[in-house]
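A short worksheet on the structure shown next.
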C-alpha cells in the first residue's frame, strides 16, 4: 500500500496533538477514539497512536528541523510497533528538503522493509517490500535504522548490519524525521485496537 499524506504531515518540530471524541461510527457508542500525534509520554520515545477510523489508510511524518550537509550525512533512529496492522510500514525519513521531497525507509513487524522517494509530492519506489534477517520481528520490539553516507552512496543498516546501498540522485543532504503509516480498514481493527508506533532519534540530534 502506498500511504497518502495525513493532516498531521506538515510538522517540523516536536508537537503533541491529542484529539478525543466518542466514536459515531462504532457499534459501541462508549468506545473512546483518540489520536496522539508525536506525543512525548516520558518514556524516551515520541508516540503516534490512533484508533480513529478517519485516519485509516493515511500516513504522517515529522521532520527534525536540523539540516545536515551531504558530507558525513548520518541518521540513526530506533522504532517500535506496539499495536496495529502487521503489514503497514513505519520508519524514518532522510535527506528531506521539505514535506514534498525526501527519501523514506519503512519496516514492518513481519521483518520486511521498503525504500521510496518523494519528489515534488509524488511517490516512486526505489526498493519494494522484501525480507531482511537483520530486522527483529514482532510487536513491542525495537529496530534501529541507520542511513549513512559512504562515498558517493548512502548505506542502509538495520540493527548494526549493512543491508544495502543506493545512490541518492535527487537529494544529497537535508533533514531527517519519523514516518508513521496507518493501515486500511481491512488491516486495522479500529476503534477497538489502536495503531501505535514509537520513535526515538539518536543521530544527528537526539529526539525526544
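Quick notes on this structure:
- Residue count for the range 40-64 under the criterion of being surrounded by 15 or more Cβ atoms within 10 Å (Cβ to Cβ) and in a loop (DSSP other than H, G, I, E, B): the result is 6.
- Of all the criteria given as (1) closer than 19 Å to residue 172 by Cα; (2) buried (at least 23 other Cβ atoms within 10 Å of the Cβ); (3) more than 16 Å from the chain's Cα centre (by Cα), the one not satisfied by residue 92 is (3).
- Search result, residues across the range 107-122 that are part of a loop (DSSP other than H, G, I, E, B) and crowded, with 18+ Cβ neighbours inside 10 Å: 108, 109
- Meets criteria (out of contact with any helix residue (DSSP H, G or I) (no Cβ under 8 Å at 6 or more places or on another chain), farther than 21 Å from residue 55 by Cβ and surrounded by 13 or more Cβ atoms within 10 Å (Cβ to Cβ)) for residue 203: yes
- Hey, residue 140 exposed (fewer than 15 other Cβ atoms within 10 Å of the Cβ), under 18 Å from the mean Cα position of the chain (by Cα) and part of a loop (DSSP other than H, G, I, E, B) or not: yes
- For the range 144-164, the criterion of being touching a residue at least 24 places away in the same chain (Cβ under 8 Å), within 15 Å of the chain's Cα centre (by Cα) and in a loop (DSSP other than H, G, I, E, B) is satisfied by no residue at all.
- The range 16-30: number of residues that are over 30 Å from residue 129 (Cβ atoms), surrounded by 12 or more Cβ atoms within 10 Å (Cβ to Cβ) and either touching a strand residue (DSSP E or B) at 6+ places or on another chain (Cβ under 6 Å) or at pLDDT 50 or above (or both): 3
- Taken as a whole, the condition of being at pLDDT 95 or above, more than 12 Å from the chain's Cα centre (by Cα), assigned to a strand (DSSP E or B) and farther than 25 Å from residue 167 by Cα applies to residue 33.
- Single residue of the range 74-89 satisfying the filter (in contact with a strand residue (DSSP E or B) (Cβ under 9 Å, 6 or more places away or on another chain) and surrounded by fewer than 22 Cβ atoms within 10 Å (Cβ to Cβ)) that is farthest from residue 180 (Cα to Cα): 74
- Apart from one condition, residue 128 fits all of (1) touching a residue at least 40 places away in the same chain (Cβ under 8 Å); (2) at negative phi; the exception is (1).
- First in the range 176-201 and within 15 Å of residue 56 (Cβ to Cβ), second anywhere and at pLDDT below 95 and outside any loop (DSSP other than H, G, I, E, B), Cβ under 8 Å, 6 or more apart: 191/32
- Exactly one residue among 134, 169 is at pLDDT below 95, assigned to a loop (DSSP other than H, G, I, E, B) and out of contact with any helix residue (DSSP H, G or I) (no Cβ under 9 Å at 6 or more places or on another chain), and that residue is 169.
The values are calculated or read from the model by the stated rules, or taken from the named source; none is laboratory data. Treat the numbers as computed from the prediction; the structure is a model and nothing was measured. Neighbour counts run over all protein chains shown; Cβ positions are idealised from the backbone, glycine included.
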